[in-house]
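Taking it in order: structure first as structure tokens, then the write-up.
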Amino acid sequence: MTVQSASLDFVVTAIEIPTNAEMGVRLEPNADSFALQTIYGLGASVSGQPVSEHPVAKAGGHWRGFGFLDYFNHIHFSALNFELGNLVSEQVRSLRVFNAYFVPQELNAVTPANDEGLSLTQPGTAPLMYQPFAELTYEISIGAVGPPTIDATYTFDFDVVDVVVSVHGARLVGWSWLANWERPIEEELAWLTDVMSSSDDHEQRRKLRTWPRQAWIFAADFSAQQRRAFENKLHGWGGRNWALPIWVDGEFLGATLDAGAESIPCTPATRDYHESGLAMLVAAEGGDYEAVEVASMTSGSIALERPTRRSWPAGTRIYPARSATLANPSGIRRFTGDHAYGSFRFRCDEPIEKATTSETLYRSYPVNELRPEWSEDPSRDCRRTISILDSAVGRPIITDESGLAQPVQSMRIVFADRVGAAQLRAWLYARAGRAKAVWLPTYAADLLVTSAIGSASTHIDVENCSLTEFAPADVNRRDLRIELQSGSILYRRVTSIMEVDENTERLTIDDDLGIAVAPTDIALISWMSLARLDSDEVHISWHFSDYGETSLTLRSPRNDV
């Protein structure tokens, strides 16, 4: 029997069917023998069914599978598209090309396009013959100097097929001149929320940005060689993307980091590192740097996509970095002929995703646990939706449209360690500007309890403060935060208020406290209202890498929850 394949261009001259003895198989008249006879063509098959079956016609179909159709008779590439991301230093990528034909195939040429700043190292000069089942490796070197956008292609022209390999990315220049901490470093976060209000102060809010826009404002000084290098880089690269170190998240290397290191010891948990992002090693005095890509993070280090290219001594600074553009015209002042200084504002438009921390929930909404710092007096206003009809010749008509007081509370928040900074950031990202609501306690002594409260009691007697007449369990004046001396926090809703006598008012709450509480057991009882940030923009002033402050203003519209 002779079989010839035109597509594979080889001949099978004969197929020999082995005998039973050659196979070492004894055939018996059962199902197994039926299978063996069918496979090897050993005689006619005999049905062993007790009754005859109805014949069923079946049609077969062709489906691509592994083998000649999918693997052989193809030219295989290890990758057809290289996504470099943000490129700060030179990179080298390997490309493997494999000839899966049974015959030699000729590569006529490799044609580059838009490859300025890139170079291709080839295993041989085209035209190049690929032997059957041969694999050759090409090296693509991507330099840090070149056009800001990398959009190169390499066309491999084989006799049997043309294949295009693409290289995409963006070049960045590292900002390696140290920030001057004599002035605070400012961080700006800006969300975008569509807020639609009704006449009775109900709101519908819609978040328009998945993540905030971030900006950094800082001062820097330049002297001697660093000043000359800075001015030249600013001249050529001022309008392009930079790799900006996040100054407030910096650390120092405690020991020498050898060349070829695949990880860097640091504490990423409370800092702005993220997978597939950038980090920068900056010399202790600034100027010299190396940018690396973060592959993954642990509690005590970051793993790198590629090893470091050089050795760095102890005292080198390590920062997370982001792609940023210089947002303002740089105002550089010369103190002397060889010394300059200025203030710079960078905008980071990369996606920013923060892991949110668990928050205490009350009526399905989180409760604000950031206490105000009282070195500056917190403010609290009761604003209203007032319409004024004034004809200018008579008495104006003033209407309180909703009849609701909207508390607007401003407070200063201070953090004094990395944990506090991470908590503030997580809180801000959870609020997403004006989009998300949070229960806001006044953190003031709003009620004074005058009698003991039983464990099963739903009544609280307090000092008479005109609640019955002016705030009878109204929206924004009916939810309580009860802080005990033991540190326990209880949340309850006031369902009704009545005056007992001229000195006492009685509050009815929706559930008992579950414990007996004496007046001396209570540290603070504050009103709470469901609030949201009054602005989509938040400014954080960093005085040190672990100490900073921000001022927040929150508004409480009508929220019937």
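Each reported figure results from applying straightforward, stated rules to the coordinates on display, with no laboratory input. Computed from a predicted structure; not experimentally measured. Neighbour counts are summed over all protein chains in view; Cβ atoms, including those assigned to glycine, are modelled from backbone coordinates with ideal geometry.
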Final fewest-first order of 388, 150, 413 on the 10 Å Cβ neighbour count is 388, 413, 150
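Could you tell me the calculated FRET efficiency between residue 151 and residue 295, based on Cβ-Cβ distance and R0 = 30 angstrom, to the nearest 0.05?
Values: r = 25 Å, r/R0 = 0.83.
Here the calculated transfer efficiency is 0.75.
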Size of charge dipole - the chain - debye, nearest 20, with Cβ of Lys, Arg +1 and Asp, Glu -1, no other charges: 880
What percentages, rounded to whole numbers, describe P(r) for the range 339-478 computed over all alpha carbon pairs with 10 Å bin width beginning at zero? 8, 23, 28, 23, 11, 6, 1, 0
With x for Gly and Pro, the residue-by-residue ³J(HN,Hα) of the range 257-262, computed from phi through the Karplus equation 6.51 cos²θ - 1.76 cosθ + 1.60 at θ = phi - 60° and given in whole Hz, is 9, 6, 4, x, 5, 9
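From the C-alpha coordinates alone, can you work out the Kirkwood hydrodynamic radius of the range 266-316, in Å?
Hydrodynamic radius (Kirkwood, Cα only) of the range 266-316 equals 11.6 Å.
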³J(HN,Hα), Karplus 6.51/-1.76/1.60, whole Hz, each residue of the range 507-516, x for Gly, Pro: 9, 9, 10, 6, 7, 6, 7, x, 9, 6
Among 212, 289, 450, the residue whose Cα sits farthest towards the positive end of the charge dipole of the chain (+1 at Cβ of Lys and Arg, -1 at Cβ of Asp and Glu, taken about the Cα centre) is 289
Report the per residue volume, in Å³, of the convex hull enclosing the C-alpha atoms of the range 211-260. 196
Under the Kirkwood approximation applied to all pairs of distinct alpha-carbon atoms, what is the hydrodynamic radius of the range 273-432 in Å? 21.8
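Charges at C-beta only: +1 for Lys and Arg, -1 for Asp and Glu. How large is the resulting dipole of the range 265-337 about its Cα centre, in Debye rounded to 20?
It works out to roughly 260 debye.
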Please report, in Å, the Rg and the Dmax of the range 161-226, where both are computed over Cα atoms only. 22.5, 70
Quick one: Karplus J couplings for the range 114-122, per residue in order, coefficients 6.51, -1.76, 1.60, θ = phi - 60°, nearest Hz, x for Gly and Pro? 6, 9, 4, x, 10, 9, 10, 8, 9
If you bin every alpha carbon distance in the range 371-417 into 5 Å steps from zero, what whole percent lands in each bin? 5, 17, 15, 13, 11, 11, 9, 7, 6, 3, 2, 1, 0
Amide N of the range 190-228 lying under 16 Å from the label point, which is placed 7 angstrom from the Cα of residue 237 along Cα→Cβ: 226-228
Projecting the Cα atoms of 539, 394, 462 onto the charge dipole of the chain, where Lys and Arg contribute +1 and Asp and Glu -1 at Cβ, the residue farthest towards the positive end is 394
Dividing the Cα convex hull volume of the range 80-226 by residue count, how many Å³ per residue is that? 199
Computed over the chain, the distribution of all Cα-Cα distances in 20 Å bins, rounded to whole %, is 15, 31, 25, 19, 10, 1, 0
What are the residues whose amide H is under 5 Å from the amide H of residue 447, where those residues sit 5 or more places off or on another chain and H is modelled from the backbone? 525
